[in-house]
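Here the structure is laid out as structure tokens; the discussion comes afterwards.
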Amino acid sequence: MAITLTRLDPTGADRDALVEFMTRNEFPFHVRERWSAADVETAISDGAYRDEDNDSFWIDHSEFGRIGFLRLEDLSDEDPLFDLRLDGPFRGRGLGAQALDAATDHVFRTMPSVGRFEGQTREDNTAMRKTFVRCGWLKEAHYREGWPVDGGAPLASVAYGILRRDWEAGQTTTFVWDDLVL
């Protein structure tokens, strides 16, 4: 695989690079589209990038170098989540699937108690939704008007998950959406 995850030190050696990455990019499908340096500094101080619930990594590509950022969240739960952000010049190249596969491999290889890994995105983030499916993740929820949008009406938040047993088997198990018969 061409992607590696490099654990970053948000309060030390990687602080300036993290602030620079977060402030020079726009993230149109995230709750906060633009970050100021003060926003990032506050998040670093609050432990958002490294504490008992969060850990952060650079996404490095063997050919392109540093292409993005990954934060694992809710690590004290058995079903962690993630925040994946590709650097602007590397979006739309199919690298998101490689990054998601690397994140999934990392979680299941290094966290033996995790049986399920989850991610969420906005309903209009078609590229990420297709990436989830391409990587063997299954749509598990559609939260209507669950994603706040600055200056606009809320959109649906769509949740995807992958089970350890599906990752191990290389196949996606499914379930019946409309299982309640009235």
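The values are calculated or read from the model by the stated rules, or taken from the named source; none is laboratory data. Here the structure is a predicted model, which means the values were calculated and not measured. Cβ atoms come from the backbone with ideal geometry, glycine included; neighbour counts cover every protein chain shown. Calculation scope for accessible area: heavy atoms of the full protein, side chains included, ligands and nucleic acids excluded. Shrake-Rupley method; radii C 1.70, N 1.55, O 1.52, S 1.80 Å.
Points to keep in mind about this one:
- Cα centroids of region 20-66 and region 110-182: 22 Å apart.
- The label-point distance for ASP53 and TRP177, in a model that sets each label 7 Å from Cα toward Cβ, rounds to 3.1 nm.
- On a per residue basis, the convex hull of the C-alpha atoms belonging to region 80-140 measures out at 87 Å³.
- Pairwise label distance in nanometres, ASP9 with SER62, each label 7 Å out on the Cα-Cβ vector: 2.8
- Note on region 11-52: Cα-Cα pairs beyond 17 Å make up 28% of the total pair count.
- For the chain, the longest principal axis of the Cα atoms and the long axis of helix 15-24 meet at an angle of about 70 degrees.
- Put simply, the convex hull of the Cα atoms in the chain casts, on average, a shadow of 11.8 nm².
- With 0.36 nm allotted per residue and the present C-alpha distance subtracted, the ALA141-ALA38 stretch has 33.7 nm of extension available.
- Cα gyration tensor shape for region 114-182, rounded if a/c is under 1.5, else prolate or oblate: oblate
- Estimated FRET transfer efficiency when R0 is 22 angstrom, pair ASP79-GLU20 (beta carbons, to 0.05): 0.10
- Solvent-accessible area per residue, Å², over region 122-182 with all protein chains present [probe radius 1.4 Å]: 68
- Accessible surface of the chain, 1.4 Å probe: 49 percent of it comes from carbon and sulfur atoms.
- The C-alpha radius of gyration of region 25-93, expressed as a fraction of 2.2 N^0.38 Å, stands at 1.18.
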